[in-house]
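Each remark here refers to the structure printed beneath this line.
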Amino acid sequence: MMTLSSRPLPPPAGFPAGWSLGRRLVLTGGIAAFWGLSQRMAAAEIRIDITRGQPQPLPVAVSTFFGTAPEEAQVGADMARVVTADLERSGLFRPLDPRAFIQTPAALKAAPPRLTDWRQINAQALVHGNVEVQRDGRVKVEFRLWDVFAEQQMAGSVFTTPASNWRRVAHVIADAIYKRVTGEDGYFDTRVVYVSERGPQQRRLKRLAIMDQDGANHKFLTTDERFLVLTPRFSPTSQEITYLSYVNNRPRVYVMDVDTARQEVVGDFPGITFAPRFSPDGNRVVLSLSEDGDTRIYLMDLRTKAFSRLTSSTAIDTSPCFAPDGRQIVFNSDRGGSQQLYVMEANGANVRRISFGAGKYATPVWSPRGDLIAFTKITEGKFYIGVMRPDGSGERLLTESFLVEGPTWAPNGRVIMYFRQEPTNERGQGGRTRLYSIDLTGYNEREINTPEDASDPAWSPLIP
Amino acid sequence: MRSKVLSLIALGLLLAACQTAPQQGGAAGGTGAAVQPAAPTTSAAPATTLTAPAPGSRGDFELIGDRVLFDFDKSDLRPDSRARVERWAAWLKRYPNVRLTIEGHCDERGTREYNIALGDRRANAAKRYLVSLGIDTNRVATISYGKERPAVLGSNESSWQQNRRSQAVVN
């Protein structure tokens with residue numbers, strides 16, 4: 001991984017340090033969000049209740065980061081674009097058109113911002129910065145976030161990094177802004193691994209691919225299209241993925257280091273192994289093994305290679321997923337007659353059903369915050385992505401379609417990604433399959449740009 | 001000679017089509033049902049090969065009907081499927097050196113992982129019946145493709161029925 005050093009940047013002389021003050025977009029329990037205004041200006045509180053309607057995004061001005069040399073100016077412009085796009089895509093910010101900006105990047109570099117200029121265009125937050133190429137070739141990037149009405153610097157940092165790393169620094173800055181304003185960790189400095197698809201449905205060609213969360217730095221991880229690859233998942237602790245591959249027509253679970261592309265089969269089982277997921281410590285993989293028509297859940301220790309069986313029914317027990325504390329596992333099973341969600345202790349004890357609504361429930365995925373489980377639901381010929389609490393209460397459906405499947409959580413537990421497949425006609429037309437993201441509230445559904453059709457997304461943790 | 005061989009192949013196609021037809025049940029009387037079975041069952045016997053399939057070969061097996069169909073989210077063999085598997089057993093007894101792989105498949109109306117498990121159940125349902133009919137278990141391998149390899153295109157009930165299948169392939 002590339003090195004990235006940072007230190008805080010205090011406010012300019014004459015401005016108070018606003019580290020513990022300032023306004024904040026509060027997202028409580030994934031249900032309600034509101035603006036708590038700084039009391040310093042005694043302004044009226046703007047409140048957003050997203051249980052009732054679309055939340056009002058925060059008007060933010062992101063100025064081009066200033067650079068003296070053309071190369072510095074270019075990086076500064078590119079970084080501002082990436083920060084702007086991150087904030088906009090979150091649905092919580094409304095970046096203002098830079099053509100309306102009064103104060104120039106050069107003026108922002110020379111002196112503290114004239115906040116009246118920014119109030120005039122109704123910016124509530126201002127982001128600006130500068131880029132400097134150092135003598136060793138690395139770049140120094142400074143950024144500041146201002147509360148325009150409270151006249152306070154809310155955040156500021158200096159980063160030093162290889163020039164090629166500018167895009168990552170932009171995501172780190174967007175994460176810092178998101179965190180300072182919402183009080184929650186960001187998710188912009190992350191990657192997504194998924195299955196890239198093409199060709200006719202009967203002979204679909206599938207490859208593993210990885211990209212930054214915003215679609216940049218796309219690359220294929222597998223090249224041999226003779227064999228299917230399915231359902232990749234990220235390790236919570238390392239740049240490793242686990243997935244199902246049909247190499248040599250033997251469907252088995254593999255682990256791959258995404259930086260070196262080195263891959264290794266997980267255990268040597270007699271049947272089909274599939275539906276793998278890492279444990280929260282990254283040392284074990286929980287998976288399904290199908291033998292003679294029965295599908296049970298097993299736990300495999302990646303270091304000792306020891307494995308243990310967790311379920312023993314003659315049903316289909318699959319799609320297991322650990323709780324973030326590692327103490328419980330949620331999975332789906334048809335042991336009760338139809339596909340439903342069950343939770344058990346990590347050793348397989350104390351199995352209890354948690355889903356009781358109409359229809360079938362599948363692919364449960366525990367939120368990284370632990371408070372919710374996302375799932376795919378099938379009922380009356382439609383597919384849904386929804387969330388419920390780990391005890392099965394509070395079910396909410398976020399999106400519906402002919403086919404939506406395979407939710408995965410952003411590391412902050414606020415955003416869910418999944419794939420949607422359109423119906424196909426007899427001539428093979430249609431079938432468009434793409435990745436989408438949606439806010440936990442059910443708003444801000446967005447298609448993710450991919451070069452080909454795409455399915456089975458898995459979101460990485462924040463890059464260390 | 002040429003036309004004779006061609007008509008022999010055509011007869012084979014017709015036979016395969018006839019044998020598949022009863023499997024489609026009452027619901028498949030609509031459009032497309034007549035052409036759908038031909039494509040997958042004849043894939044290994046392209047029309048450019050102007051010879052009848054050799055006895056005991058993959059193409060020969062396909063002539064007796066290489067797949068059995070299942071109800072939605074089910075893996076038990078229907079009566080028409082049992083009759084088909086009995087033909088497989090008779091054929092395997094005639095060619096004792098031949099091995100089969102039974103592929104389990106599902107329609108697109110389930111989730112990917114569950115369908116891999118369901119396909120495994122379907123493949124094993126056919127295998128278990130073959131073994132009960134006296135076929136050595138070591139001659140029959142199974143694999144599941146879940147919903148990854150549909151036989152026919154189309155997001156409609158008649159296509160989904162064709163795709164819910166166990167398909168035996170001569171190794």
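The values are calculated or read from the model by the stated rules, or taken from the named source; none is laboratory data. What you see is a predicted model; the values in this text were computed from it and never measured. Cβ: placed from backbone, ideal geometry, glycine included. Neighbour counts: every protein chain shown. Accessible surface is based on the protein model in full, side chains and every heavy atom, while ligands, DNA and RNA are left aside. Shrake-Rupley method; radii C 1.70, N 1.55, O 1.52, S 1.80 Å.
Quick notes on this one:
- Top-ranked residue in region A:291-330 [being outside any strand (DSSP E or B), more than 14 Å from chain B (Cβ to nearest Cβ) and open to solvent by 50 Å² or more (accessible area, probe 1.4 Å); ranked as farthest from A:Phe278 (Cα to Cα)]: A:Ser312
So that you can scan it fast, the table gives a plain yes or no per residue for (1) polar (S, T, N, Q); (2) under 25 Å from A:Phe322 (Cα atoms); (3) part of a loop (DSSP other than H, G, I, E, B):
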position	(1), (2), (3)
A:Asp214	no, no, yes
A:Asp268	no, yes, yes
A:Asp281	no, yes, yes
A:Ser288	yes, yes, no
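- When region B:55-106 is filtered for residues that are farther than 24 Å from B:Leu118 by Cα, open to solvent by less than 40 Å² (accessible area, probe 1.4 Å), outside any helix (DSSP H, G or I) and touching a helix residue (DSSP H, G or I) at 6+ places or on another chain (Cβ under 9 Å), the ones remaining, listed by number, are B:Gly56, B:Ile64, B:Val98.
- Pairs with Cβ under 7 Å, 6+ apart, first in region A:241-255 and within 12 Å of chain B (Cβ to nearest Cβ), second open to solvent by less than 10 Å² (accessible area, probe 1.4 Å) and modelled with pLDDT under 95: A:Val253/A:Val266
- Wholly enclosed strands (runs of 3 or more DSSP E) of region A:363-410 bearing at least 1 residues touching a strand residue (DSSP E or B) at 6+ places or on another chain (Cβ under 8 Å) and acidic (Asp, Glu): A:396-401, A:404-409
- Within region A:425-439, the set of residues being within 11 Å of chain B (Cβ to nearest Cβ) and not in a strand (DSSP E or B) comprises A:Asn425, A:Glu426, A:Arg427, A:Gly428, A:Gln429, A:Gly431.
- Flag if A:Val195 is closer than 30 Å to A:Glu426 by Cα and either more than 14 Å from every other protein chain (Cβ to nearest Cβ) or among the aliphatic types (A, V, I, L, M) (or both): yes
- Positions within region A:359-377 being within 14 Å of chain B (Cβ to nearest Cβ) and farther than 16 Å from A:Arg420 by Cα, in sequence order: A:Gly359, A:Lys360, A:Tyr361, A:Pro364, A:Val365
- Which listed residue is farther than 26 Å from A:Leu208 by Cβ, open to solvent by 40 Å² or more (accessible area, probe 1.4 Å) and within 13 Å of chain B (Cβ to nearest Cβ), from A:Glu422, A:Glu380, A:Glu395, A:Glu400: A:Glu380
- Some residue of region A:332-342 being among the basic types (Lys, Arg), within 14 Å of another protein chain (Cβ to nearest Cβ), in contact with a strand residue (DSSP E or B) (Cβ under 9 Å, 6 or more places away or on another chain) and closer than 21 Å to A:Tyr436 by Cβ: no
- Any hit, region B:98-106, residues being in contact (Cβ under 8 Å) with a residue 60 or more places away in the chain and of a type in the set (S, T, N, Q): yes
- Which listed residue is open to solvent by 60 Å² or more (accessible area, probe 1.4 Å) and within 26 Å of the chain's Cα centre (by Cα), from A:Ser157, A:Ser90, A:Ser164: A:Ser164
- Residue within region A:92-113 that is within 23 Å of A:Asp175 (Cβ to Cβ), in contact with an Asp or Glu (Cβ under 7 Å, 6 or more places away or on another chain) and either at pLDDT below 95 or not small (Gly, Ala, Ser) (or both) present: yes
- Residue check for A:Arg389: open to solvent by 50 Å² or more (accessible area, probe 1.4 Å) and away from chain B (no Cβ under 14 Å): yes
- When region B:126-147 is limited to residues that are open to solvent by 10 Å² or more (accessible area, probe 1.4 Å) and within 24 Å of A:Ser455 (Cβ to Cβ), the one that is farthest from the other protein chains (Cβ to nearest Cβ) turns out to be B:Lys147.
- Here A:Gly406 clears all of (1) within 23 Å of A:Pro232 (Cβ to Cβ); (2) open to solvent by 30 Å² or more (accessible area, probe 1.4 Å); (3) touching an Asp or Glu at 6+ places or on another chain (Cβ under 7 Å) except the condition numbered (2).
- Some residue of region A:185-194 being over 16 Å from the mean Cα position of the chain (by Cα) and either of a type in the set (Gly, Ala, Ser) or in a strand (DSSP E or B) (or both): no
- Residue count for region A:211-226 satisfying the condition of being within 16 Å of A:Met79 (Cβ to Cβ) and surrounded by fewer than 19 Cβ atoms within 10 Å (Cβ to Cβ): 2.
- Residues of region A:130-150 that turn out to be assigned to a strand (DSSP E or B), touching a residue at least 40 places away in the same chain (Cβ under 8 Å) and open to solvent by 10 Å² or more (accessible area, probe 1.4 Å), as a count: 5
- If you check B:Asn115, B:Asn163 for being within 10 Å of another protein chain (Cβ to nearest Cβ), under 12 Å from the mean Cα position of the chain (by Cα) and either under 22 Å from A:Gly428 (Cα atoms) or of a type in the set (Lys, Arg) (or both), only one passes: B:Asn163.
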